[in-house]
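Right, one structure below, let's go through it.
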Amino acid sequence: MTESNVLTDYTHLETSNNSFEEESEHNVTDYLLPKEHVPGSDLISKVVLTDTRIINIISKSLVNASEDQYTAAQNEFLNKCACDVLYLPKAIDSEYPPIIIEVQKDVNENYMCRAVKYSILVYEKYEKHPVVLIVGVSSVTASINNILAPATSHPFSKEIPSLFWAKRCLLVSSTTLSTIQSTGQLDPLAAIGLFLCSQKPSITQLVSGGQDTTMKLLYKIAVNNVQQLLGEEEEITKGIKAICDNTCVQLEKIKSCIQNGNTESLDKVLLYIEDASVYLNRQKRKFTTGRDVTPIPETPGLKYLENKNIRPKKHNEAHYNELKEYVEQFRNERSGRMSWKKCFLKGYKDNIDAIKQYTTSESLRSQYNKHFK
């Protein structure tokens with residue numbers, strides 16, 4: 001390939017990328033999030049805070065972790081209570097602490113008791129005090145405000161005393177964020193706090209931070225996820241309507257054939273019933289087999305639901321076969337009581353994918369017993 005061709009191809013690629021970025025930016029600025037899905041709501045908080053890019057931003061800001069050191073983990077505890085978001089280091093032997101993130105409408109004494117409980121539960125499970133980030137969306141009571149201390153590393157936040165229950169606890173609220181400068185780029189963590197506390201359905205409605213790079217990313221994540229969700233709901237509604245309409249048409253055909261009463265019509269009835277049965281049990285299947293009767297029309301093509309369905313399953317048959325084989329081999333090589341902790345650590349050392357799917361020896365033991373006992 002000649003140099004001129006390379007330059008032409010590169011220029012074309014650069015132009016295409018720029019066009020895509022401009023289109024994406026317009027999509028964010030023109031889109032109005034529905035009232036139930038504004039920043040700070042449960043759905044938007046969780047989809048944003050579990051995005052890999054945001055995980056990297058928060059973990060770097062709070063514990064100075066390099067990229068891709070953390071992952072969003074199971075946030076529900078054995079007693080069924082759950083924190084909003086929990087980050088854990090990907091490496092089992094990492095020195096980084098767990099990170100708890102809470103997005104709370106009203107930060108008061110009752111809520112702080114729950115926050116302390118979440119932190120203690122994380123400590124009991126992972127034997128490390130977590131770093132806790134609380135985003136107070138609406139209000140912070142005077143009793144909490146009175147104990148806050150300046151956070152020198154994050155001047156847009158306050159420090160909550162956390163002796164014996166957390167490595168550190170930071171509070172970000174509308175009040176603490178009021179000290180940031182509205183011009184130029186924001187501290188990325190401040191941008192996340194401002195995004196959640198603003199509760200603005202559009203980036204264009206922000207008083208400040210609308211041109212910030214992190215803020216644009218946050219709204220892009222929110223818009224994409226809401227469009228996916230609403231798209232799924234719309235396709236489900238259209239699919240149900242199409243199924244009802246098509247089934248009614250099929251029943252009318254069956255009724256007409258029965259009323260005719262001749263042999264050919266009664267033969268068609270059986271085919272119509274067969275089509276209806278398959279159609280109702282497998283709603284998306286297309287009927288393309290050659291018949292004397294017209295197959296039921298297919299429901300509308302799917303976009304958002306297919307995106308949802310193609311997400312890979314975390315555990316499949318191959319995973320459980322590998323898991324069973326490795327655990328049984330480990331057990332047969334040793335005498336005495338089974339040590340799940342040693343099995344877990346050895347699995348990581350041997351680079352066994354089926355073992356590395358789990359973050360603790362307890363979760364390994366629980367899943368193994370669930371499937372093989």
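No lab work stands behind these numbers, since they all come straight from the coordinates. Quantities reported herein were computed from a predicted structural model and do not represent experimental measurements. Every residue, glycine among them, receives a Cβ derived from its backbone with ideal geometry; neighbour counts consider all protein chains shown.
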Loop sites in the range 24-100: trypsin sites (Lys or Arg not before Pro), DSSP, at most 10 other Cβ within 10 Å | Lys80
Estimated distance in nm for a label pair at Thr179 and Ile236, the labels positioned 7 Å out from Cα along Cα-to-Cβ | 4.5
Indicate the gyration tensor shape class of the range 87-240 (rounded, prolate or oblate), computed on the Cα atoms with a ≥ b ≥ c the square roots of the eigenvalues: a/c under 1.5 is rounded; otherwise a/b larger than b/c is prolate and the rest oblate.
-> oblate
Two-site label geometry, Gln228 and Glu127: point separation in nm, points 7 Å out along Cα→Cβ | 3.6
Does the range 315-373 classify as rounded, prolate or oblate by the C-alpha gyration tensor (a ≥ b ≥ c root eigenvalues; a/c under 1.5 gives rounded; else a/b over b/c gives prolate, otherwise oblate)?
-> rounded
For the range 141-216, what mean projected area does the convex hull of the alpha carbons give, in nm²?
-> 5.7
Determine, from the Cβ-Cβ distance of Asn145 and Glu274 and an R0 of 45 Å, the FRET efficiency 1/(1 + (r/R0)^6), rounded to the nearest 0.05.
-> 0.05
Could you put Val327, Val269 in order, starting from the residue whose Cβ has the fewest other Cβ atoms within 10 Å?
-> Val269, Val327
Given q = 0.12, 0.19 Å⁻¹, what are the Debye log10 I(q)/I(0) values for the range 22-131, with equal point scatterers placed on the Cα positions and solvent ignored?
-> -0.49, -1.05
Does the range 193-270 come out rounded, prolate or oblate by the C-alpha gyration tensor, with a ≥ b ≥ c the root eigenvalues, rounded set by a/c under 1.5 and, if not, prolate when a/b is larger than b/c and oblate if not?
-> prolate
In whole Hz, the Karplus estimates of ³J(HN,Hα) for the range 106-120 (6.51, -1.76, 1.60; θ = phi - 60°; x where Gly or Pro) are 10, 9, 9, 5, 4, 5, 4, 4, 5, 4, 5, 4, 4, 5, 5
Given charges of +1 on the Cβ of Lys and Arg and -1 on the Cβ of Asp and Glu, with all other atoms neutral, how large is the dipole of the range 87-161 about its Cα centre, in debye to the nearest 20?
-> 140
Quick one: length gained pulling Lys117 to Glu317 fully straight, 0.36 nm per residue minus the C-alpha distance?
-> 68.3 nm
